[in-house]
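What follows is a short report on a single structure.
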Amino acid sequence: MIHGSSAAVESVSWQNLLARSITDPLELLRRLDLDPALLGPARAASADFPLRVPEPYLSRMQHGNPADPLLRQVLPVGEELLEHPDFVFDPLGEQHTNARPGIIHKYHGRLLLIVSAGCAVNCRYCFRRHFPYSDNALSTDEWHQALDYIRQDDSIREVIYSGGDPLAANDKRLAWLTREIAEIAHVKRLRVHTRLPIVIPQRVTDSLIEALCGTRLPVTMVLHCNHAHELDSHVGSAIQALRRAGVMLLNQAVLLKGVNDRIDDQLSLSEALGDHGVMPYYLHVLDHVKGAQHFHVDDEIARRLVGEMLAKLPGFLVPRLVREIAGATSKTPLPPELINQQIGRPFA
Ligand SMILES: *Cc1c(COP(=O)(O)O)cnc(C)c1O
Ligand code: SF4
């Protein structure tokens, strides 16, 4: 494993790290001493959805291990090209509910604002890998229309910055947007759904914190971390800075075969999140997006996993297992399969 000194890592700006991300499959394989035979499929699968891995994320992967749980999330593989009738381009039908540019308003009281089309990492399972983000890069005029939409609907209590990854937007844009939203009296809360502090923790700067936390709105950040190995000391420092600023931290993960579908992966992820003061919120079963079928985990296995977590963890470290169903009024919970255990006399 390569570990730079922390001073060296932190002296590089996040914009620089974003720009220097690895996009060539050959370079990724070389850097991790992986079998060159992986190159052909990686090239073929990345034609459809490009490879993109930032350096700080790469530095947490194990060399020579094609099954590394972080690598599997980003390495294009031949299985992505297989056709499967149940796995489609737009499993959530969002390309149709997205009536106004930059806004997805599906649930009562809260709406998603697509703040940035870009992501710092391309996750192979992403449910939006086929989403037409370029249509959602807003002009100034469209930003004002999106704000008008929020202003005119006083049922909207919470605005959720989403994407792509909203933290791919610059601090100036985020500060402006947050100030505008804070002026709308019926909006009470701000939420940010992001994977950037996980893949490039250097993104969490004083200036970002000021941009998000500088208004009356309480801020919740929902991180997207799928595996305990993603939580290194740099991510830990970023999380501490956010917590010191009063940001409530939650995590959502996606259940992925070969990444985090064993009970030990889930237990260590929840424990590591808890150690950092981050509460597991959602564990999503995979959306049936074309090209991601090799990550599929059966519902029965998913429900048993969460049942086992309930038996081993404090309740607040057990995420809610959910599925997104087009047309539903919220995420749809899947009940855990409870473990039938013989409790002896624990206090005897
Ligand atoms: C997930 C999601 C939300 C947030 O849902 P919560 O259950 O409040 O976390 C809001 N809008 C859309 C479109 C979503 O997909
Ligand atoms: S960061 Fe989120 S939106 Fe971006 S590719 Fe990964 S899962 Fe998809």
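Tabulated data for the structure shown
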quantity	calculated
Residue satisfying condition, being surrounded by fewer than 20 Cβ atoms within 10 Å (Cβ to Cβ) and among the hydroxyl-bearing types (Ser, Thr, Tyr), within set Ser46, Ser59	Ser59
Breaking point among (1) more than 16 Å from ligand 2 (Cβ to nearest atom); (2) more than 30 Å from His294 (Cα to Cα); (3) open to solvent by less than 30 Å² (accessible area, probe 1.4 Å), for Ala228	(2)
Test for Gly163: is it under 27 Å from Leu58 (Cβ atoms), modelled with pLDDT under 95 and in contact with a His (Cβ under 9 Å, 6 or more places away or on another chain)	yes
In region 146-159, the residues that are open to solvent by 10 Å² or more (accessible area, probe 1.4 Å) and within 13 Å of ligand 1 (Cβ to nearest atom)	Arg157, Glu158
Residues of region 310-342 classified as of a type in the set (S, T, N, Q) and more than 28 Å from His288 (Cβ to Cβ), total	3
Residue selected from region 282-304 under the condition of a type outside the set (Asp, Glu) and open to solvent by 40 Å² or more (accessible area, probe 1.4 Å), by the criterion nearest to Leu70 (Cα to Cα)	His296
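Residue by residue, here is whether (1) within 16 Å of ligand 2 (Cβ to nearest atom); (2) open to solvent by 10 Å² or more (accessible area, probe 1.4 Å) holds:
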position: Ala137; (1), (2): yes, yes
position: Leu177; (1), (2): no, no
position: Ile181; (1), (2): no, no
position: Arg191; (1), (2): yes, yes
position: Leu196; (1), (2): yes, no
position: Ile200; (1), (2): yes, no
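The values are calculated or read from the model by the stated rules, or taken from the named source; none is laboratory data. None of the values given here were measured: they were computed from a predicted structure. Glycine gets a Cβ as well: all are built from the backbone with ideal geometry, and neighbour counts include every protein chain shown. We work out accessible area using only protein heavy atoms, side chains counted, and drop any ligands, DNA or RNA first. Shrake-Rupley method; radii C 1.70, N 1.55, O 1.52, S 1.80 Å.
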